[in-house]
Structure formats: C-alpha cells, structure tokens
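First up is the structure itself, then whatever we jot down about it.
The values are calculated or read from the model by the stated rules, or taken from the named source; none is laboratory data. This is a predicted model, so every value here is computed, not measured. Reconstructed Cβ throughout: ideal geometry from the backbone, glycine too, with neighbour counts over all protein chains shown. Ligands, DNA and RNA are excluded from the accessible area calculation, which covers all protein heavy atoms including side chains. Shrake-Rupley method; radii C 1.70, N 1.55, O 1.52, S 1.80 Å.
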Amino acid sequence: MANDAVLDHAPARRRAPDAPALRTAWRLARNPWLTALAAALAVMAAWQATGTTPRAVASLWQWLPALLRGLWVNIEISVLAVALGTAVGLVVGALSLSPVHAVRVAARCYVQVFRNAPILVLIYFTTYVFPFEVHLVQWTFPFPDGVKVVLGLALPTSANVAEIFRGAIQSIPAAQWEAAQSLAFRRGQIFRWVVLPQCVRRMLPPWMNLYASITMSTSLASLVGVHDVVDTAQIASNTVARTDFTILVYFTLLALFFAYCYPIARATRALERRQAKAGPTP
C-alpha cells in the first residue's frame, strides 16, 4: 500500500514544475501588445508568402532603416539635453535653498521662467540667439543646429530638475539635518553625505518621466533644420508621394516614439510602487 501511494504521487511531482511555465505562457498570451505584434507579424508573413505586399508597406520597409537612424538622432539629443539639464538643475535646486536671499530669489526666478516657457519658443530662441559660426582667432567653428536644440531642451529640463531636487530635499525629515549638524557637519557635507543619497531615490521616478517628455519634445528639432526622424518621415512622404504611404509613415513615427517611451513609463510606475511598499525614509 505504501508503494502504491508513492507511485500515485510520483506523477504529480513530475507535473508540478510545468504549472509555472503554463501560467507564464497564459500571461504572455493575454498580453494585448504581444498579441498585436504576433498578429502584425502573421499578416506580414502572409503578404510575403503570397506576394501581395501593399506598395505602401513595401516602401515603408525601404525607408525603415533611415527612420531608425533618425530616431537615434532624437535619442542622442534627448540624452545630451537631459544630462546637461540635470547637471545645471542640481546646482540651481541647491541654490534655491541658499540662506542668501538674493541667490534664492535668482534661482527661483530662473525656475519659474524656464518651467513656464513653451519648448518650441526656447528651441527657436537658442537657434537664433546663438551664432551659426564661432570665430576664435583665425579659426571658424560651426555651431550645429543639433547643439542649439540640445541647449533649448536643456533649459526647461534644468528648471524642472531644480524643482524636483528642491522638493526631494525638503522631503528629508528635519531630524536628519539636526543630527548631522550636531555632529559638526558643514552644510555642504550634509548635502553630499546625508541628503543627496536619499534624494536620488526620491527623484528617480519624476526624473524618468521628465526624460520621456523631453524625448517626445525632440520631435520639434526638425523645425530648425535638424535631420531627425520627423524630418526623415517628411522626406519619405514627399519622395513616395502617396497618401496611403504618408498615413502609414506617420503611424510608424508614432509607434517608434511609443516603443521607446512606453517602457520608461512602465519602469517609472514599477519604481513608484516599489518605493511605496518600502515606505518613507525614517
């Protein structure tokens, strides 16, 4: 009887490891994005097999490498703008909490001006305020439009990062400041060793949202002559000169930006949930 019981339970032990795999497969099958991607791939495979690929789709395949290269230009602009804006914003955010009244007012005026200025206006501002060429002694250096767009996007980025940083600093409990001051820490040491490590964790979700927003704003770069993904799409539309292709190429443009920014949004939400579970810093 004991042997029979062992034999009865043996198959159950062998089948048990399959349950997590089945649940994972079922979860993936219920994912609407994966379902839509699988359907699109199936349709394209059917077109390829039967030789009935629409002309607009065939033209899109030809232009897709150029669109991806253009998207890489947008990503480069967004990364440089956010990196520069973050560096400036951290300084401005610290100055907005300065004990010197004049410094504090100047920093807050900077934040208010560039947080509330339209991004397109700032891009045009940096495009035409800065020279197209820089003359240094007998050398002449070009000032590319892409660099001007980076500066134009770095201005609102720095203002928003300054406000994010100021809010993160003010969320640190006053008891930590008092404890550090009782240990004879200077103000700069308190910022560097006590406050800043905690601020990074609190700043990360809004900073990631800001990066996604700046990435989408890089689509304005084509208005000042930058050869980005939007400019590439316009050239493709004018070259092919078909209404169905124009509609398709701009849907593709939307899909490319969505595919890049949506994972950032999901990661931000996951990070926010993780921080909510961890609770506030004591």
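Any chance segment 219-240 includes a residue that's part of a helix (DSSP H, G or I) and touching a Cys at 6+ places or on another chain (Cβ under 9 Å)?
No, segment 219-240 has no match at all.
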Residue hits (segment 38-68; over 18 Å from residue 250 (Cβ atoms) and either assigned to a helix (DSSP H, G or I) or within 29 Å of the chain's Cα centre (by Cα) (or both)) are 38, 39, 41, 42, 43, 44, 45, 46, 47, 48, 49, 50
Here the qualifying pairs (Cβ atoms under 7 Å; residues six or more apart or on different chains; first in segment 99-119 and part of a helix (DSSP H, G or I); second among the β-branched types (Val, Ile, Thr) and surrounded by 12 or more Cβ atoms within 10 Å (Cβ to Cβ)) come out as 107/92; 110/92; 111/92
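One line per residue, one yes/no per condition, for (1) in contact with a strand residue (DSSP E or B) (Cβ under 6 Å, 6 or more places away or on another chain); (2) of a type outside the set (Val, Ile, Thr); (3) surrounded by 19 or more Cβ atoms within 10 Å (Cβ to Cβ):
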| site | (1), (2), (3) |
| --- | --- |
| 143 | yes, yes, no |
| 161 | no, no, yes |
| 168 | no, yes, yes |
| 176 | no, yes, no |
| 223 | no, yes, no |
Exercise. Return yes or no: is residue 212 open to solvent by less than 20 Å² (accessible area, probe 1.4 Å), of a type outside the set (Ser, Thr, Tyr), in contact with a Cys (Cβ under 6 Å, 6 or more places away or on another chain) and part of a helix (DSSP H, G or I)?
Key: yes
Open item on the list: Condition check: under 26 Å from the mean Cα position of the chain (by Cα), closer than 29 Å to residue 57 by Cα, free of Cβ contacts under 8 Å to residues at least 12 places away in the same chain and open to solvent by 50 Å² or more (accessible area, probe 1.4 Å). Does residue 262 satisfy that?
Closed with: yes
Over segment 237-247, the set of residues touching a residue at least 24 places away in the same chain (Cβ under 8 Å) and touching a Ser or Thr at 6+ places or on another chain (Cβ under 8 Å) is 240, 242, 245
Reported set for segment 136-195 where residues are among the aromatic types (Phe, Trp, Tyr) and closer than 15 Å to residue 115 by Cα is 165
Quick check, is residue 268 farther than 26 Å from residue 98 by Cα, under 20 Å from the mean Cα position of the chain (by Cα), among the polar types (S, T, N, Q) and open to solvent by less than 70 Å² (accessible area, probe 1.4 Å)? yes
Residue pairs qualifying under the 7 Å Cβ cut-off, at least six apart or on distinct chains, with the first in segment 166-190 being in contact (Cβ under 8 Å) with a residue 60 or more places away in the chain and within 15 Å of residue 93 (Cα to Cα) and the second being of a type in the set (A, V, I, L, M) and surrounded by 13 or more Cβ atoms within 10 Å (Cβ to Cβ), are 166/97; 169/97; 169/195; 172/195
Would you say residue 174 is of a type in the set (A, V, I, L, M) and at negative phi? yes
